[in-house]
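The values are calculated or read from the model by the stated rules, or taken from the named source; none is laboratory data. Given the structure is predicted, the values throughout are model-derived calculations rather than measurements. Cβ coordinates were reconstructed from backbone atoms using ideal geometry, including for glycine residues, and neighbour counts include every protein chain displayed. Keep in mind that these areas ignore ligands, DNA and RNA; they rest on the heavy atoms of the full protein, side chains included. Shrake-Rupley method; radii C 1.70, N 1.55, O 1.52, S 1.80 Å.
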Amino acid sequence: MRKFVFTLQTLLNVKATLEKQKKTELAAQNLLIARLEDELAAMYARLDAAIAEYNAKMEAGGMSPGDAAAYGSGFRAMYDRIHEQHEKIESAERVRERMQRELTELLGERKMLENLRQKQFMEYMEELRREEAKAVDDYMSSKEARE
């Protein structure tokens, strides 16, 4: 009896491997985004602490123009870093969205190939059934001819 062979098995194997790789890449991208968001939260915490320090000094009697200017430039630098961090996160999220689309496409292609494999297997089973029925008929015919 011959064995079932899916004609596109190699392609199905490649799609499954690519799907696994994409899932791994997507997980790494999610970790990157989480790390970037943690860094952003830390930046906001540092900014809040600096603002609280500035306000406390102002309430305690003010500060020299040089100190005020130093705080101002420090705040500007913090805001610039926060803005850059937001841009990094947005860029990483765009990459993640692209990866998700690619993964969804791969999942669809793999599912289509699996459906095709199932269809070919059912056709194979039907062909086997017909061959077995024909073999039984041939055997019965030859048995009747010998009798």
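Spacing of the modelled spin labels on Asn115 and Thr7, each 7 Å from Cα toward Cβ, amounts to 1.8 nm. Recomputing percent of Cα pairs over 19 Å apart from the coordinates shown identifies the correct label among (i) 51; (ii) 73; (iii) 54 as (ii). Extending 7 Å from the Cα toward the beta-carbon at both Thr17 and Ala56 defines two label points whose distance is 6.0 nm. Distance between the modelled labels on Arg46 and Ser91, one decimal in nanometres: 1.9 nm (7 Å Cα→Cβ projection). Across the accessible surface of the chain, with the other protein chains kept in place and a 1.4 Å probe, carbon and sulfur atoms take up 57 percent.
Over the chain, calculate the relative contact order: mean separation of alpha carbon pairs under 8 Å at least 6 apart, over the residue count, as a percent. The value is 48 percent. The heavy atoms of Tyr79 offer some 120 square angstrom of accessible surface to a 1.4 angstrom probe.
Using a probe of 1.4 angstrom and keeping all protein chains present, the accessible surface of the chain works out to 73 square angstrom per residue. Bridging of Lys3 to aspartates and glutamates at a Cα separation below 16 Å is possible for Glu123, Glu126, Glu127, Glu131, Glu132, once same-chain residues fewer than 8 apart are set aside.
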